[in-house]
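Have a look at the structure below before the remarks.
The values are calculated or read from the model by the stated rules, or taken from the named source; none is laboratory data. Remember, predicted model here, so these are calculated numbers, not experimental data. Please note: Cβ atoms are built from the backbone with ideal geometry, for glycine as well, and neighbour counts cover all protein chains shown. Remember, those area values only see protein heavy atoms, side chains included, never the ligands or the DNA or RNA. Shrake-Rupley method; radii C 1.70, N 1.55, O 1.52, S 1.80 Å.
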Amino acid sequence: MNARFTLDGRRAFVTGANTGIGQAIAVDLARSGAHVVCAGRSSCDETVATITGEGGSAEAFEMDLADPAEGAARLEQAGDLDILVNNAGIIRREDSVDFTEADWDAVIDVNLKAVFLLCQRFAKGRIASGGGGRIVNIASLLSFQGGIRVPSYTASKHGVVGLTKVLANEWAGQGINVNAVAPGYVATNNTEALRDDPDRSKEILGRIPAGRWGQPEDIAGAVTFLCMPAADYVTGTVLSVDGGWLAR
Ligand code: NAP
């Protein structure tokens, strides 16, 4: 066993761990040895059952981030943590001229404000315990590109990258690495509308050099790597996992 590629003895907290990318991340972290606190507004029992069924260690944790401050305040109840993965996110699609303030606020609250408040709580706990830790925030291709009809989502995901960098700078001295993973087009609930639209789906697939949509497991591997001792010197960066989309 290469000790630089194990998470034995680590406790990880993953938001939105009930489905999609978050579920795959929780399972992958557990397979690498971490105990995973699977947080969701919907039940994470299925994720916990998958992990424990494979001989791993996990627990479910209720957390609704629609009110970011109230949600983040619950983090302390999860006990000592070494790893925080901010995965929960929502998207609202509408022409920008018609986009409502309510849709703007809802997306910014979950995708950006909650991410900041969870990072802050996590870092306070880590610093009080002597430092060290890993944060991985889930960004997007729309952290780099504009997209169409998704103004609040694009703003939030650009924000996640800026936030990742400022927190990495501030907390590197305490041994807390802060990175982001930017998924390409991944087959989950989040992209169901795109996959159901034959024109958009064809257009997207035609631009992906890998020739396929991503699977949640593709993203999970990158997140787990960033949590490993092998990634000790990696901080403040964004790792794109997009089948080559951004290289094109
Ligand atoms: P998903 O299947 O829709 O999962 C989103 C997760 O966020 C779900 O667990 C959802 O819980 C949770 N969530 C939403 N609102 C919440 C709230 N108020 N409180 C707590 N949890 C909440 O989508 P996904 O594709 O796996 O997305 C995961 C992350 O990857 C998101 O940050 C997304 O922006 C990002 N991403 C996805 C893609 C893609 O192609 N799929 C691409 C780039 C980035 P519920 O199940 O209860 O709604």
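Per-residue SASA remark: Glu59, around 70 Å² accessible (1.4 Å probe; ligands, DNA and RNA not included).
The rule of thumb for compact globular proteins, 2.2 N^0.38 Å, goes into the C-alpha radius of gyration of the range 117-156 1.67 times. Mean sequence separation of contacting Cα pairs (under 8 Å, at least six apart), scaled by the length of the range 1-133, corresponds to a relative contact order of 24 percent.
Dimensions of the chain from C-alpha coordinates, computed as largest minus smallest value along each principal axis and given longest first, are 49, 38, 34 Å.
Charge dipole of the range 1-65 (Cα centre as origin; +1 on each Lys and Arg Cβ, -1 on each Asp and Glu Cβ, all else neutral): 300 debye, rounded to the nearest 20. Between Thr164, Thr100, Thr19, the Gaussian network model of the chain with springs among Cα atoms under 10 angstrom shows the greatest mean-square fluctuation at Thr100. Comparing Cα centroids, the range 119-183 and the range 40-107 end up 15 angstrom apart.
Each principal axis of the Cα cloud of the range 59-202 was taken in turn, and the coordinate range along them, longest first, works out to 52, 29, 26 Å. For the range 107-182, taking Cα atoms only, Rg and Dmax work out to 13.0, 44 Å respectively. Over the range 1-88, the hull volume per residue, using the convex hull of the C-alpha atoms, is 83 Å³.
Send over the Kirkwood Rh of the range 42-107, from the inverse of the averaged 1/r over different Cα pairs, rounded to one decimal Å.
Details: mean 1/r = 0.0680 Å⁻¹.
Roughly 14.7 Å, rounded to one decimal.
Taking a straight Cα-Cα cut-off under 30 Å and skipping sequence neighbours fewer than 8 places away in the same chain, the lysines within cross-link reach of Lys113 are Lys124, Lys157, Lys165. Taking all protein chains as shown and a probe of 1.4 angstrom, Met63 keeps an accessible surface of around 10 Å².
The length gained by stretching the chain between Ala73 and Ala172 to full extension, at 0.36 nm per residue less their Cα-Cα distance, is 33.3 nm.
Comparing Ala73, Ala24, Ala155 in a Gaussian network model of the chain (Cα springs below 10 Å), the most mobile by mean-square fluctuation is Ala73. In terms of overall dimensions, the C-alpha atoms belonging to the range 150-221 reach 48, 28, 21 Å along their principal axes, ordered largest to smallest. So what is the 222 nm mean residue ellipticity for the chain from helices alone, if each DSSP H run of at least 4 adds -39500 (n - 2.57) and you divide by all residues, rounding to the nearest 500 deg cm²/dmol? Only helices count here, giving -12000 deg cm²/dmol.
Note on the chain: with charges restricted to the Cβ of Lys and Arg (+1) and Asp and Glu (-1), its dipole about the Cα centre is near 800 debye.
Sort Trp245, Trp104 by accessible area with a 1.4 Å probe, largest first.
So the residues, ranked largest to smallest area, are Trp104, Trp245.
Given a cut-off of under 8 Å on Cα pairs at least six residues apart, what relative contact order in percent is computed for the chain? Relative contact order here is 20 percent.
Highest mobility in the GNM of the chain, judged by mean-square fluctuation with C-alpha springs under 10 Å and restricted to Leu141, Leu205, Leu167, is found for Leu205.
Over the range 193-248, what is the mean sequence separation of C-alpha contacts under 8 Å (at least six apart), divided by residue count, expressed as relative contact order in percent? All intermediate terms of the calculation are to be shown ahead of the outcome.
Details: 29 pairs, mean separation 24.7, N = 56.
Here the relative contact order equals 44 percent.
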